[in-house]
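Take a look at the structure below.
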Amino acid sequence: MSLFVAASCVNQKQSGVEVVKPDGFETKMAEADVQLLDVRTPEEYASGHLPNAKNYNVLADDFESKVAALDKEKPVMVYCKMGGRSSKAAAKLKELGFKHITDLEGGIMSWESAEKTIVK
């Protein structure tokens, strides 16, 4: 069993994407130079989003060109509604050369369940 756990940790670390629960995500949001991305649609973003988040719709044709303007050396944090789109966005960011990527486990739904701040 411990071999499986060790292998799982190695695979997650190699992926370059850290998936964290709302409390850990909130702590990381407070770090310097964080680039926080809401990868949902503009309509979803307008209905409520995390403080200081920028809207970069992962399903839009211009997603790659928009994120290309971000600093690849600074931490980038992503979230969506439940975690599916942010996982895709994180994989794309990794492919584009971003070094420090954090994905919110369970998306904004888990954030709201944890009674964290939402901006409208």
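Read-outs: derived from the displayed coordinates by stated rules, not from any lab. Remember, predicted model here, so these are calculated numbers, not experimental data. Cβ sites come from the backbone with ideal geometry, for glycine too, and all protein chains shown count toward neighbours.
Quick notes on this one:
- Stretchable slack from Val34 to Glu64, in nm (0.36 nm times residue separation minus alpha-carbon distance): 8.9 nm
- Each of Ser15 and Glu43 was given a label point 7 Å from its Cα along the Cα-to-Cβ line. The distance between the two points is 2.9 nm.
- Among Arg85, Arg40, the ranking by other beta carbons within 10 Å of each residue's beta carbon, starting with the fewest, stands as Arg85, Arg40.
- Rounded if a/c under 1.5, otherwise prolate or oblate - the stretch 9-95, Cα gyration tensor axes: rounded
- Stretchable slack from Lys94 to Asp23, in nm (0.36 nm times residue separation minus alpha-carbon distance): 23.2 nm
- Net length gained if the chain between Asp71 and Lys120 were fully extended (0.36 nm per residue, minus Cα distance): 15.0 nm
- Candidates per GluC sites (Glu not before Pro) in the stretch 18-53, loop by DSSP, up to 14 other Cβ within 10 Å: Glu31
- Tensor-based shape of the stretch 29-71 (alpha-carbon gyration tensor, a/c under 1.5 rounded, otherwise prolate or oblate): oblate
- The residues Ile118, Ile108, Ile101, when put in order of fewest to most other Cβ atoms within 10 Å, stand as Ile118, Ile101, Ile108.
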